[in-house]
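Visitor: A single structure is presented below for examination.
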């Protein structure tokens with residue numbers, strides 16, 4: 001009985017395949033493993049020289065279910081021998097299986113873990129208010145009233161306060177000495193005044209909800225004082241903001257680099273690297289041109305007609321601060337990057353069932369927090385300053401105020417703020433810009449009327465800088 005073969009011998013390979021495979025730079029182990037996979041392809045494929053999606057699905061898909069390693073080797077060797085088909089080959093893989101966790105269960109465990117850092121009196125008061133029902137019908141009062149992120153932040157702030165009291169040797173009660181110790185700890189850690197204000201506000205809100213009968217006037221006064229200090233201090237986002245046009249140009253340059261890496265890619269990790277750069281650069285370009293929330297950006301769907309109307313992207317109201325649907329327009333450069341990402345980079349990664357614009361290496365949709373983290377890491381590595389998604393909104397607002405200060409109120413509209421309470425921030429900044437422009441114009445007119453040459457004060461002269469007094473030689477007394 002003849003021996004059953006799972007791969008075709010080298011003599012049975014087409015000459016084109018044999019020449020291309022021999023030209024690859026591979027180790028002995030790789031040459032054996034990939035040669036076995038290519039021989040299996042020659043044996044199973046109707047036409048070994050025709051690598052189409054239909055043929056690959058018919059040949060590789062059955063092997064994928066039984067032997068994932070063999071299927072991966074077949075995709076790898078076909079991508080090396082047929083570079084033009086590599087993106088299509090890697091898009092055929094199955095998603096990685098992940099055990100999905102229940103978010104409400106994780107939420108309940110998070111609250112329980114941090115509440116355990118509080119004294120027993122606080123735990124007894126908070127336990128009935130922090131009940132997280134799996135069905136959402138019997139939730140506690142605080143779970144119903146506060147958002148999940150707000151409740152997490154306030155419970156964590158209480159836990160950190162009591163940890164500070166234990167480290168400082170103070171009693172685990174809410175008193176002025178403990179608050180002073182906590183503020184001192186934040187200051188030593190280099191936290192900004194705004195962070196300290198949020199910490200005290202969270203502690204005040206949680207304590208007031210658990211013990212409404214107690215007097216919290218002293219803590220409210222502390223919070224008001226910290227709020228004034230924070231308002232006069234520069235924010236973290238203001239320190240990380242860069243000009244919006246510079247960020248946009250940087251994103252376009254990175255996307256061009258991603259396109260070059262995609263053209264040179266042959267292996268799976270090469271396509272993943274190119275896709276990561278393209279996804280991050282595209283998100284950066286879109287955010288600088290339309291400063292929407294990063295969660296709204298991650299929610300964009302690739303609809304069948306998107307390629308024909310790339311200049312317009314629709315955002316559902318559930319992903320905006322105002323709760324209303326928005327339509328965003330983009331420039332020609334952004335449209336070109338968007339078309340390239342959809343037709344090349346995303347096509348090599350996205351699963352056929354995924355309809356979100358931004359996907360990960362596993363072919364599934366990514367969160368807005370992931371996009372923001374990628375942007376921050378890229379800008380920190382390339383520009384030396386970590387710029388995440390939220391500071392880009394500040395950069396866009398500053399750009400509007402600087403270019404058209406008389407239309408500063410539009411910044412709040414373009415950024416999609418929920419209320420008009422933020423508008424005075426931009427109008428005050430615009431007032432400063434207009435005042436400086438008016439002062440410069442008045443100085444210029446006065447100089448022209450008097451015939452004064454003000455440029456002499458701006459020109460650099462060739463004179464050596466005057467030495468300081470301590471650098472001069474001492475005079476001899478006569």
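No value in this document is a laboratory result; all are computed from the given coordinates. Everything numeric here is computed off the predicted structure, so don't read it as measured data. Glycine also receives a Cβ, built like all others from the backbone with ideal geometry; neighbour counts cover every protein chain displayed.
Visitor: Kindly put 198, 392, 300 in sequence by how many other C-beta atoms sit within 10 Å of each C-beta, fewest to most. Intermediate results must be reported in sequence, preceding the final value.
Guide: On the way: 198 18, 392 28, 300 21.
The order, fewest Cβ neighbours first, is 198, 300, 392.
Visitor: Then there is this: Once each part is reduced to its C-alpha centroid, what is the distance from the stretch 281-300 to the stretch 245-261 in angstrom?
Guide: 15 Å
Visitor: Quick one: 68, 104, fewest Cβ neighbours within 10 Å first, how do they rank?
Guide: 68, 104
Visitor: Also: How many angstrom lie between the C-alpha centres of the stretch 139-189 and the stretch 345-362?
Guide: Value for the Cα centre distance between the two parts: 42 Å.
Visitor: Continuing with the same structure: Sorting 272, 156 on the 10 Å Cβ count, fewest up front, what's the list?
Guide: Least to most surrounded, the residues fall as 272, 156.
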